[in-house]
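What follows is calculated from the coordinates using simple rules that are stated; it is not laboratory data. Just so it is clear, the model here is predicted, and its values are computed rather than measured. Note that we place each Cβ from the backbone using ideal geometry, even for glycine, and neighbour counts take in every protein chain shown.
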Amino acid sequence: MGAMSDPTIHPSGALVLFSGGQDSTVCLAWALERYAHVETVGFDYGQRHAVEMQARQAVRERITVEFPGWAARLAEDHVLDISSFGAVADSALTADRAIEMTSRGLPSTFVPGRNLAFFVYAAALADRRGLTALVGGMCETDFSGYPDCRRDTLDALQSALNLGMARDFVIETPLMRLTKSETWALAKTLGGEALVAVTVEESHTCYRGDRTTLHAWGYGCGTCPACDLRQKGWEAWDAEGRPAFAEASEGAPALTP
Ligand code: ZN
């Protein structure tokens, strides 16, 4: 018996942290444009609406149907049950609570350690799957109060994961410096109005899990903080004439990291 072999490394393999929301849908498209083999992972931690899990599958299916070039690259989906984390980190990710600042200056929607936990699980999965890039939709621009969305945090985490797993993972965050308006513009750049339509119609953001009313910017209650952010981003982008990313953001970082 020889030594246990490591999994085959996909040199162009990515794992996308995919919640089925607007941001992670655009991240998935971004990864499909750049990596030959793309897997997705979702986290069930006991707080999420079942509608989000359905949105994940709906987005993947629409992308498969409408983007044949990407379909050939889109590989396995994984859902990890981390409900024990949800039990520890229970926070205000509930429908009727406004985003308020807590005494330590964090939004009430902050779930302590959430993105850190996601990346630890994602990296363990990526190790087993032989994937080298971890792609997440973290963004400093609109929710600057989330300390685990900061690029500094993720740089430190990337170092820790690589030291701790003897890998060379790269944490990619294509939305890090984009506004919500620019995220719509990036969707158009990546997949034209077809990808914008997939994002509007299939991705899910609303904290209340409302899929009854289709607005120009997507389904949602229209009043929760998540809907509010999504709507405002859409309206800003629409008011500019729905530009693609390069037109929208002179001086913004280039698409390629
Ligand atoms: Zn809502």
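Quick notes on this one:
- Shown for LEU32, LEU125: other C-beta atoms within 10 Å of each C-beta, ranked fewest to most, produce the order LEU125, LEU32.
- The alpha-carbon atoms of segment 13-248 define a convex hull whose volume equals 118 cubic angstrom per residue.
- Ordered by the count of other Cβ atoms within 10 Å of each Cβ, fewest first, VAL59, VAL51 give VAL51, VAL59.
- C-alpha center-to-center spacing [segment 19-73, segment 233-247] in angstrom: 23
- Label separation (ALA239 vs ALA166): 5.5 nm, computed from points 7 Å beyond Cα along the C-beta direction.
- In this Cβ point-charge picture (+1 for Lys and Arg, -1 for Asp and Glu), segment 13-248 has a dipole of about 220 debye about its Cα centre.
- Intensity falloff of segment 122-205 expressed as log10 I(q)/I(0), Debye formula with alpha-carbon point scatterers, at q = 0.13, 0.20, 0.27 Å⁻¹: -0.53, -0.97, -1.18
- Two-site FRET efficiency, ARG104 against HIS78, from Cβ-Cβ distance with R₀ of 51 Å, rounded to 0.05: 0.95
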